[in-house]
Amino acid sequence: MKVLLVPQGEQAVLTHLADDGSTQSDPTVVEDPVAAVAELERNERPRWVWEDTSRIYPRLLERGVRVRR
């Protein structure tokens with residue numbers, strides 16, 4: 001499973017994707033993207049899709065969240 005993360009200010013939109021890239025869920029706005037990533041990483045270990053790692057990953061690392069590759 002893949003999860004698309006699109007930052008929107010302090011929030012983010014998460015969408016579950018199938019392996020072929022088609023959507024498997026409606027987009028969900030999350031107030032705390034770092035907490036949402038941590039929870040999904042613990043429970044589902046998805047493959048993450050985002051546009052710019054240099055923009056997103058430092059925010060995760062600041063709060064001790066790492067994602068599997």
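Run through every distinct alpha carbon pair of the chain and return the Kirkwood hydrodynamic radius in angstroms, one decimal place.
Numbers: mean 1/r = 0.0829 Å⁻¹.
One over the average 1/r among Cα pairs gives 12.1 Å for the chain.
Computed about the Cα centre, the dipole magnitude for the chain is approximately 400 debye when only Lys and Arg (+1) and Asp and Glu (-1) carry charge, each at its Cβ.
Based on protein heavy atoms only, the chain ends up with 68 Å² per residue of surface accessible to a 1.4 Å probe.
The Cβ shell under 15 Å around residue 8 holds other residues with a net charge of -3, Lys and Arg each +1, Asp and Glu each -1.
The values are calculated or read from the model by the stated rules, or taken from the named source; none is laboratory data. Note that the structure is a prediction, hence the values are computed from the model and not measured. Cβ coordinates were reconstructed from backbone atoms using ideal geometry, including for glycine residues, and neighbour counts include every protein chain displayed. Surface areas here come from the heavy atoms of the whole protein model, side chains and all, with no ligands, DNA or RNA. Shrake-Rupley method; radii C 1.70, N 1.55, O 1.52, S 1.80 Å.
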